[in-house]
């Protein structure tokens with residue numbers, strides 16, 4: 001007995017359950033349109049506790065949408081994948097209203113999504129059509145010559161972060177970033193234990209900033225995931241001191257490239273990076289926002 005084509009079947013949604021992991025991963029493997037801003041390992045973790053919906057054509061899964069966990073009434077769409085046979089518009093029209101309703105029930109007031117330009121143009125167009133608007137761009141910088149123009153502030157102390165520093169690191173994060181960019185205790189704790197270099201900077205025994213990196217391509221690439229200094233301690237060479245330590249670390253392990261991402265509107269940070277020899281690669285992510 002032949003199935004109807006997905007384009008002619010009734011579309012419904014249901015929450016992803018703990019028994020749906022294999023279905024979800026199969027969808028990601030075989031989707032012909034997908035948007036993902038996390039790795040597969042993170043997808044597995046999020047499916048266990050974050051809001052997610054399956055899109056069904058008849059009784060067969062043809063799409064999935066997955067958000068991050070909610071942080072201060074804000075969340076991010078981390079996965080959107082659709083299989084063949086469905087128009088993007090029809091799939092989005094079926095997925096988004098119940099997904100938004102699920103998020104509202106969890107206290108979410110604002111949703112963000114990062115779209116790689118131009119690879120995710122299909123998703124950008126569909127999301128704009130249902131009310132998502134441009135928020136900012138995240139631009140990519142790289143440094144291939146490990147020269148250092150300054151060692152930064154010599155009076156502050158830079159050291160390896162410890163578990164006891166987590167409350168102070170979170171306090172720095174809260175004062176430096178708006179809610180959609182903040183990291184929570186789980187993310188900071190995970191980074192502290194899993195990343196190769198996690199530094200804090202102290203002034204008068206107070207943690208006033210931090211930075212951490214990841215390593216890729218067998219050590220040839222170092223990515224600066226985060227660098228932050230309290231707003232009232234900026235413009236005093238403390239950020240430059242952290243950046244000096246990061247570049248020194250990349251040099252010490254023989255890295256050939258050092259990369260970072262930053263918001264287009266963060267002009268003070270961009271000036272610091274460019275002074276240190278980072279150059280805009282031309283790559284960017286377009287950040288869309290939806291107010292529920």
Q | In region 114-164, the residues that are within 30 Å of residue 81 (Cα to Cα) and in a loop (DSSP other than H, G, I, E, B) | A | 117, 118, 119, 120, 130, 131, 132
(Q) Within region 92-99, does at least one residue satisfy the condition of being crowded, with 17+ Cβ neighbours inside 10 Å and in a strand (DSSP E or B)? (A) no
Q. Quick one: which of 86, 28 is crowded, with 20+ Cβ neighbours inside 10 Å and outside any strand (DSSP E or B)?
A. 86
**Q.** Index of the failed condition, residue 70 passing every other in (1) touching a residue at least 12 places away in the same chain (Cβ under 8 Å); (2) over 16 Å from residue 106 (Cα atoms)
**A.** (2)
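Pick from 246, 222: which is without any contact (Cβ under 8 Å) to a residue 40 or more places away in the chain and at negative phi?
Details: 246 fails: without any contact (Cβ under 8 Å) to a residue 40 or more places away in the chain.
Going through 246, 222 in turn, just one is without any contact (Cβ under 8 Å) to a residue 40 or more places away in the chain and at negative phi: 222.
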Q.
I'd like the full set of residues that are in contact with a helix residue (DSSP H, G or I) (Cβ under 9 Å, 6 or more places away or on another chain), surrounded by 14 or more Cβ atoms within 10 Å (Cβ to Cβ) and without any contact (Cβ under 8 Å) to a residue 40 or more places away in the chain, limited to region 31-60.
A. 43, 47, 52
Q. Is it fair to say residue 198 is more than 21 Å from residue 140 (Cβ to Cβ) and touching a helix residue (DSSP H, G or I) at 6+ places or on another chain (Cβ under 6 Å)?
A. yes
Q) Any idea which of 216, 193, 235 is surrounded by fewer than 19 Cβ atoms within 10 Å (Cβ to Cβ) and more than 25 Å from residue 168 (Cα to Cα)? A) 216
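Look at residue 75 and say whether it is modelled with pLDDT of 90 or more, under 18 Å from residue 287 (Cα atoms) and assigned by TED's automatic domain parsing to the domain that holds residue 112.
On the way: modelled with pLDDT of 90 or more: yes; under 18 Å from residue 287 (Cα atoms): yes; assigned by TED's automatic domain parsing to the domain that holds residue 112: yes.
So residue 75 fits the description; yes.
Just to check your reading of the model, which residue among 228, 240 is over 23 Å from residue 194 (Cα atoms), at pLDDT 95 or above, assigned by TED's automatic domain parsing to the domain that holds residue 154 and surrounded by 16 or more Cβ atoms within 10 Å (Cβ to Cβ)? Please lay out each step first, then the result.
On the way: 228 fails: over 23 Å from residue 194 (Cα atoms).
Sole residue among the options that is over 23 Å from residue 194 (Cα atoms), at pLDDT 95 or above, assigned by TED's automatic domain parsing to the domain that holds residue 154 and surrounded by 16 or more Cβ atoms within 10 Å (Cβ to Cβ): 240.
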Q: Show the residue pairs that are 6+ apart or on different chains and have beta-carbon atoms under 8 Å apart, the first residue being within region 95-113 and without any contact (Cβ under 8 Å) to a residue 60 or more places away in the chain and on the phi > 0 side of the Ramachandran plot, the second being surrounded by fewer than 16 Cβ atoms within 10 Å (Cβ to Cβ) and outside any helix (DSSP H, G or I).
A: 107/73
Q) When you look at residue 113, is it surrounded by fewer than 19 Cβ atoms within 10 Å (Cβ to Cβ) and under 16 Å from the mean Cα position of the chain (by Cα), yes or no? A) no
Q) Taking the stated definitions as given, is residue 179 in contact with a strand residue (DSSP E or B) (Cβ under 9 Å, 6 or more places away or on another chain), farther than 24 Å from residue 72 by Cβ, surrounded by fewer than 16 Cβ atoms within 10 Å (Cβ to Cβ) and touching a residue at least 12 places away in the same chain (Cβ under 8 Å)? A) no
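Search region 3-21 for residues being modelled with pLDDT under 90 and over 17 Å from residue 84 (Cα atoms), and hand back the single one that is surrounded by the most Cβ atoms within 10 Å (Cβ to Cβ).
So in region 3-21, the residues modelled with pLDDT under 90 come out as 3-10, 17-21.
Checking the rest, the ones that are also over 17 Å from residue 84 (Cα atoms) come to 17-21.
On the way: 17: 11, 18: 8, 19: 7, 20: 18, 21: 14.
Ranking the qualifying residues of region 3-21, first place goes to 20.
Yes/no per residue for (1) at pLDDT below 95; (2) in the same structural domain as residue 254 (by TED's automatic domain parsing); (3) under 23 Å from residue 288 (Cβ atoms):
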{"site": "110", "(1), (2), (3)": "no, no, yes"}
{"site": "154", "(1), (2), (3)": "no, yes, no"}
{"site": "159", "(1), (2), (3)": "no, yes, no"}
{"site": "162", "(1), (2), (3)": "no, yes, no"}
{"site": "165", "(1), (2), (3)": "no, yes, no"}
{"site": "169", "(1), (2), (3)": "no, yes, no"}
{"site": "174", "(1), (2), (3)": "no, yes, no"}
{"site": "183", "(1), (2), (3)": "yes, yes, yes"}
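The values are calculated or read from the model by the stated rules, or taken from the named source; none is laboratory data. In this text the structure is predicted, and so the values were computed from the model without any measurement. Positions of Cβ are generated from backbone atoms using ideal geometry, with glycine treated the same way; all protein chains shown enter the neighbour counts.
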